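*Asks:* Just dropping this structure here.
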Amino acid sequence: MLFDRVAVPVAVCDVYGRVVLANPAMAAECGASPGQLRGRDVLELFRPEEAGQVERIAQALRLRHRSRYQVSVSWSAPGGTERYGELTADPVSDSTNETPALLVMLR
């Protein structure tokens, strides 16, 4: 319930970047409902400005680093307007031995 009320666009993704859960603010940025984003690749929705950023993050996650990662992105907003911002991905899990999910926020 709280997740749905957060005004910041937020999604939870698996370690491969597939959306597991998105709040209404994130869905609105994509012109969709939260349920329509489930299973979509976050990098289909938001295009990295620098491809190397994504590879560095993937490598860090494989090494089980738990830093906050930022990626400059662009996307097509509803109505076709091109937008620019940053995705911040935070690895989250109940234990350090678990494969983390990614809490993704859009600014």
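*Asks:* Given the conditions (1) more than 15 Å from ALA89 (Cβ to Cβ); (2) in contact with a Ser or Thr (Cβ under 7 Å, 6 or more places away or on another chain), report the number of the one that ALA51 does not fulfil.
*Replies:* Answer for ALA51: the failing condition is (2).
*Asks:* Restricting to helices (runs of 4 or more DSSP H) lying wholly in region 1-61: which have 1 or more residues that are buried (at least 17 other Cβ atoms within 10 Å of the Cβ)? If you could, list the steps in order and put the result at the bottom.
*Replies:* Working: elements: 2-5, 24-29, 34-37, 42-45.
Once the helices (runs of 4 or more DSSP H) in region 1-61 are filtered for at least 1 residues that are buried (at least 17 other Cβ atoms within 10 Å of the Cβ), what remains is 24-29, 34-37, 42-45.
*Asks:* On to the next question. Go through the residues of region 47-57 one by one and say whether even a single one is at pLDDT 85 or above, more than 11 Å from the chain's Cα centre (by Cα) and on the phi > 0 side of the Ramachandran plot.
*Replies:* Within region 47-57, not a single residue is at pLDDT 85 or above, more than 11 Å from the chain's Cα centre (by Cα) and on the phi > 0 side of the Ramachandran plot.
*Asks:* Shifting gears a bit: Scan region 11-29 and report the pairs whose first residue is at positive phi and whose second residue is not hydroxyl-bearing (Ser, Thr, Tyr), with Cβ atoms within less than 6 Å and a gap of 6+ or a chain change.
*Replies:* That search, which allows pairs on different chains as well, returns GLY17/ASP41; GLY17/VAL42; GLY17/LEU43.
*Asks:* Residues being surrounded by 10 or more Cβ atoms within 10 Å (Cβ to Cβ), modelled with pLDDT of 85 or more and over 15 Å from the mean Cα position of the chain (by Cα): count how many of those fall in region 62-107.
*Replies:* The number of residues fulfilling the criteria is 4.
The values are calculated or read from the model by the stated rules, or taken from the named source; none is laboratory data. Keep in mind that what you see is a predicted model, and the values were worked out from it rather than measured. So basically every Cβ, Gly included, is an ideal-geometry build from the backbone, and we count neighbours across all protein chains shown.
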